[in-house]
Amino acid sequence: MAELMKIETQVELFIEEILHRHNQAEENRKRENQAAIRIQSWFRACRVRAYLSHLHKKAVIIQKIWRGFTARARFRQMVKEAYFIMKMNFYEEMAVRIQRRWRGFFVRKYTHNFYARKRYLRGVLVNNEFVRRDLDELEELQRREKNCLELVKEQTAKVYLAHRSHHLLSTKQCPGVFNPPFKPAPHEMEQLLRQVKYQPPTRLAPGGGTRVLGMPSPAALSVPWTRESPWIKTRRSCCSPRFTLPPIASKKQQGLLREPGEVWEQHVNCPDLTLRLQTSYTHLEEAQNHLQQLQPAKFYRRTIRTGNMLHNQGLNSDAFTKTAYAKKFIL
Amino acid sequence: MSQRQIIQAFEQYQKSRLQFVQTVSDLASRPQNIEMLQNAGVMSLLRPLMLDVVPSIQQTAALALGHLADHSDDLAEAVVKEDILPHLISSLASQNNSYKKAAAFVLRAVAKHSPELSQAVVACGGVDALVVCLSDFDPGVKEAAAWALGFIARHNASLSQSVVDAGAIPQLVMCLLEPKVTVKRIAASTLSDICKHTPELAQTVVESGAIAHLAQMILNPDAKLKRQVFSALSQISKHSISLAEMVIEAEIFPAAVVCLRDQDEFVRKNVCTLMREVVKHTPELSQVIVNCGGMAAVVDYLGNCQGNLRLPGIMMLGYVAAHSEKLAMAVILSKGVPQLSLCLSEETEHHIKAATVWSIGQIGQHTPEHAKVVATANLLPKLLELYMDACSSEDLQAKVRSPTQIKIRYD
């Protein structure tokens, strides 16, 4: 019985123990559960981690190989390009050298040709010289022309003056204004007056001017201008149509018409003349002969006055006397 | 009163009117009498005489009015105010030649003073009547009409335009072909006055073929005609490149250089002006002139004349040198620089000095070679001196400053 009691107490103790242990275990269950979970999860994590790192490693290997492959390909490409670029640079450099030479040549030859410019400037200089010379000549010519014209004008004015002042011409009796006795030679105006042939003023006074015999230099120098001047004529032929015919009622005596007392006077005066001349024995007869020879002389009267008988013989032509007599009979 | 007495009274009145008008006309042609005539109230007396029955009285009254209006501004205004112009213009069409000349003379005398008076003449229809006169047979009438048109067109562009609109230009070109020199002169001067305002007017003149006729008259011996011809050509060519080219194409240039040695100084000046206007535009045109030896002629011209006459020559050298360095070198080789320095030292007027300085600047600006030439001509000290001179004008100073800077930069 004691053992039963012991067993019973042991059973009680045992049941208490079991209860205690169950309570303990109950208390620890959660904790132990949590711990187990923790351990398990940690283990699982380790497993996963190991798996992941395995995967990573493998991935890295793949990527490593791939990248190497790609890079090598790229590098090859880069090398090719670099080579290409180097070649191109070289070509371009050579092309630049060619172009440089060409451009220099072209510009120097065609655009900014130094020698052409030099030639042009020299040409300009030469041309300038020519032009200057030509212009000088032209100016000289023009000046000379002007001077000539002025001279001609002056001369024509002088001739006109001479034409209008014919009355100032000196005569044998009375020396004119331009011919004073105390001077060795007469004034040029005097010469001009002598040269200008006087004509009485006709109706067309400015048109029918004088004829100038042997006009001095301006006529010779400048023929084209003098044609316009009415007072200088270089040719006689152009004068005559311009002259008006002399008026019909002129007082010129024709032929041998003498005034009534003239012959008687001659005969009367003759002895005086012979007395004056010389006293030779036959002088009277000689004088009378002479008188008869000089019969048609209406100049006879004048010759008596001026004292020159002999120089008029040339003027006595038979034709003259005969026609005069003939006319007288016709009338 | 018998008929004879009546007629005698009228004749006496007419005679006295004629005498009065002739006396007034003679007096009016001398300027010292005009004041007194004006004080005596001659205007109001002449006005009814202009409307007189007898044509010779009208004519002489018109002449007298012309002389009066010619003399002074206010007399011309009085003519306009008294409404004489419409009558004059209407009778321009009908009357005889001497009356037309006298009427054109009055219009010219009125128009010459100011643009407003010219506008008054235009407003009364004067331009149309004058253009009709231009086609008259008598050269004196043509001359008077052309002169009046010239004075009207002178003032400004709108008046010139009204002259052109009346169809004056073909008539004027016909007048250029007249045998009488005086008509040619006036026609050329009128064309010159018309062209000077705007390019369109110049274009109109050119289109009627004026350039060929003007070019033919270049070698005419008459000096005044040459003056006007060159003035007309220069007014045409100044406006634009195409007009200048047209003038050059008429092949005036070697012949015009000859006229630079003409006896008359104004002919020379106008030739120089023409060259300047042509040269202004492009290097090619300058090249034409340099190639025909124009440089030498212009440099000689500068040596021969004084004062204001030198101005176109100086400017021409400047324009030529401005285009390119080759042309500037051509100017230098034609002995331009010594001549310009002579001008600079001899001339006293500021605008001429300014122009000379500008030209020197244009010559020297291209390369160091050019600058060296300018410097060796001892111009730099002179330029500095001009700049420092307190009394020289602003313009001169400005013009001096830029060339000196350029030169100094190159040295």
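Since every read-out is calculated from the coordinates, none of them should be taken as a lab result. As the structure is a computational prediction, the values presented were derived from the model and not from experiment. FYI the Cβ positions are ideal-geometry reconstructions off the backbone, even for glycines, and counts take in every protein chain you see.
Here are a few things to note about the model shown:
- Where Rh is the Kirkwood radius over Cα pairs, Rg/Rh for the stretch A:1-151: 2.03
- Largest-first principal axis extents, alpha carbons of the stretch B:60-210, Å: 40, 30, 23
- Placing dummy labels 7 Å off each Cα toward the beta-carbon, the span from A:Glu8 to B:Asn308 is 16.6 nm.
- Estimated Rh, the stretch A:1-90: Kirkwood, alpha-carbon pairs, angstrom: 20.3 Å
- Extreme residue, positive dipole direction of the stretch B:46-90, given options B:Leu75, B:Gln59, B:Leu85 (C-beta unit charges): B:Gln59
- Full extension of the chain between B:Asn96 and B:Ala9 gives 28.6 nm of extra length, using 0.36 nm per residue less the Cα-Cα distance.
- Degrees separating the helix B:181-195 axis from the principal Cα axis of chain B, which is the longest one: 70 degrees
- Anchor B:Lys335: aspartates and glutamates whose Cα lies under 14 Å away (excluding residues fewer than 8 positions away in-chain): A:Glu129, B:Asp300
- Per the Kirkwood formula applied to alpha carbons, chain B shows a radius of gyration over Rh ratio, Rg over Rh, of 1.11.
- Per residue, the convex hull volume that the Cα atoms of the stretch B:224-323 enclose (Å³): 83 Å³
- Cα centre as origin, Lys/Arg/Asp/Glu Cβ charges: chain B dipole, Debye: 540 debye
- Where labels lie 7 Å past Cα in the beta-carbon direction, separation of A:Trp66 and A:Ile15 in nm: 7.3 nm
- 14 Å beta-carbon shell around A:His187, net charge (K/R +1, D/E -1): +1
- Rounded tilt (10° steps) of B:394-410 against the dominant C-alpha axis of chain B: 20 degrees
- Out-of-range pairs (alpha-carbon distance over 18 Å; input B:Lys280/B:Lys382; B:Lys226/B:Lys353; A:Lys158/A:Lys197; B:Lys81/B:Lys142; A:Lys146/B:Lys180): B:Lys280/B:Lys382; B:Lys226/B:Lys353; B:Lys81/B:Lys142; A:Lys146/B:Lys180
- Relative to the dominant Cα principal axis of chain B, helix B:84-94 is inclined by about 80°.
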